[in-house]
1. If I go through the stretch 1-20 residue by residue, how many of them are more than 8 Å from the ligand (Cβ to nearest atom), in contact (Cβ under 8 Å) with a residue 24 or more places away in the chain and not in a helix (DSSP H, G or I)?
2. Residues of the stretch 114-132 being more than 17 Å from the chain's Cα centre (by Cα) and modelled with pLDDT of 95 or more, which ones?
3. Please enumerate the residues belonging to the stretch 22-39 that are more than 9 Å from the ligand (Cβ to nearest atom) and either touching a helix residue (DSSP H, G or I) at 6+ places or on another chain (Cβ under 8 Å) or over 23 Å from GLU152 (Cβ atoms) (or both).
4. Output the helices (runs of 4 or more DSSP H) that fall wholly within the stretch 68-168 and possess 3 or more residues being away from the ligand (no atom under 14 Å from the Cβ), or say none.
5. Name every residue in the stretch 39-60 that is touching a residue at least 60 places away in the same chain (Cβ under 8 Å) and farther than 16 Å from LYS133 by Cα, in order of residue number.
6. For the stretch 1-25, give me each residue that is among the aliphatic types (A, V, I, L, M) and in contact with a strand residue (DSSP E or B) (Cβ under 8 Å, 6 or more places away or on another chain).
7. Assuming ARG81 fulfils every condition listed in (1) among the basic types (Lys, Arg); (2) at pLDDT below 95; (3) under 16 Å from SER130 (Cα atoms); (4) touching a strand residue (DSSP E or B) at 6+ places or on another chain (Cβ under 7 Å) apart from one, which condition is it?
8. Would you mention how many residues in the stretch 61-78 are out of contact with any strand residue (DSSP E or B) (no Cβ under 7 Å at 6 or more places or on another chain), farther than 15 Å from ILE109 by Cα and hydrophobic (A, V, I, L, M, F, W, C)?
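The values are calculated or read from the model by the stated rules, or taken from the named source; none is laboratory data. Source: prediction; values computed, not measured. In this analysis, Cβ positions are derived from the backbone assuming ideal geometry, glycine residues included, and neighbour counts consider all displayed protein chains.
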Amino acid sequence: MNERAMCPGSFDPITYGHIDIIGRTARVFDEVVVSVFDNPNKKHCFPCEKRLQLATESLRSFPNVVVERGEGLLVDYARRRGIKVVIKGLRAVSDFEYEFQMAQMNRAIANHVETLFMMTKPEHSYLSSSVVKELAGLGADVSEMVPEIVVEAFTERLDEGWNGDSGI
Ligand code: PNS
């Protein structure tokens, strides 16, 4: 049986924390679908097409990982793609409440998808796209936190006048 898992998120932008979780998922499942969604609760620094491109290029070295645009409800998307398992990374207790609510809500509206949690590596426990955006917007060096292509994308956004607060 071809076991497929989904790693959903807004990936604004993808970080080494995401890449670690996706890479470890790719060692456990036959195929990993990384689905890039818009999150209506967040202001995005990068439009979806750019987030997709950054994730695709950053994950190129994993042969069993595909990156796609996610649309609509996560549970509907999973059903259409024949996916029964969603993997989420957990950094700290602070992530738990939000992730617990989403997992319970997804279960309430559909029971064909299981959400499983994977602990991040300790060295990534402080890393989040939001913090990276704040740092990059203030001109800090984030090259230890995100791939080079993302650093370049931040430079382009700064050249466009982005300052870390404004978003799409
Ligand atoms: O990286 P993020 O921003 O925490 O990812 C959140 C995401 C994209 C996984 C979440 O917003 C989501 O599942 N969106 C799809 C729409 C949906 O199903 N929403 C109901 C969630 S209970």
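1. If we filter the stretch 1-20 for residues that are more than 8 Å from the ligand (Cβ to nearest atom), which is where we start, we get 1-7, 13-20.
Of the ones still in play, those that are also in contact (Cβ under 8 Å) with a residue 24 or more places away in the chain are 2-7, 13-20.
From what's left, not in a helix (DSSP H, G or I): 2-7, 13-15.
Summing the residues that are more than 8 Å from the ligand (Cβ to nearest atom), in contact (Cβ under 8 Å) with a residue 24 or more places away in the chain and not in a helix (DSSP H, G or I) in the stretch 1-20 gives 9.
2. Pass one, the stretch 114-132, residues more than 17 Å from the chain's Cα centre (by Cα): 114, 122-123.
Selection gives GLU114 alone.
3. Of all residues in the stretch 22-39, those more than 9 Å from the ligand (Cβ to nearest atom) come to 22-34.
Scanning the stretch 22-39 gives ARG24, THR25, ALA26, ARG27, VAL28, PHE29, ASP30, GLU31, VAL32, VAL33, VAL34.
4. Working: elements: 74-80, 93-109, 129-137, 148-159.
Filter on the stretch 68-168 gives 129-137, 148-159.
5. Within the stretch 39-60, the first condition is being touching a residue at least 60 places away in the same chain (Cβ under 8 Å), and the residues that meet it are 42-47, 50, 54, 57-58.
Selection gives GLU57, SER58.
6. Let us first name the residues in the stretch 1-25 that are among the aliphatic types (A, V, I, L, M), namely 1, 5-6, 14, 19, 21-22.
Answer for the stretch 1-25, where residues must be among the aliphatic types (A, V, I, L, M) and in contact with a strand residue (DSSP E or B) (Cβ under 8 Å, 6 or more places away or on another chain): ALA5, MET6, ILE21, ILE22.
7. Every condition holds for ARG81 apart from (3).
8. Our first condition is that a residue be out of contact with any strand residue (DSSP E or B) (no Cβ under 7 Å at 6 or more places or on another chain); within the stretch 61-78, this holds for 61-63, 71-73, 75-76.
With farther than 15 Å from ILE109 by Cα added as a condition, the list becomes 61-63, 71.
Retained after the next criterion (residues that are hydrophobic (A, V, I, L, M, F, W, C)): 62.
Final tally of qualifying residues: 1.
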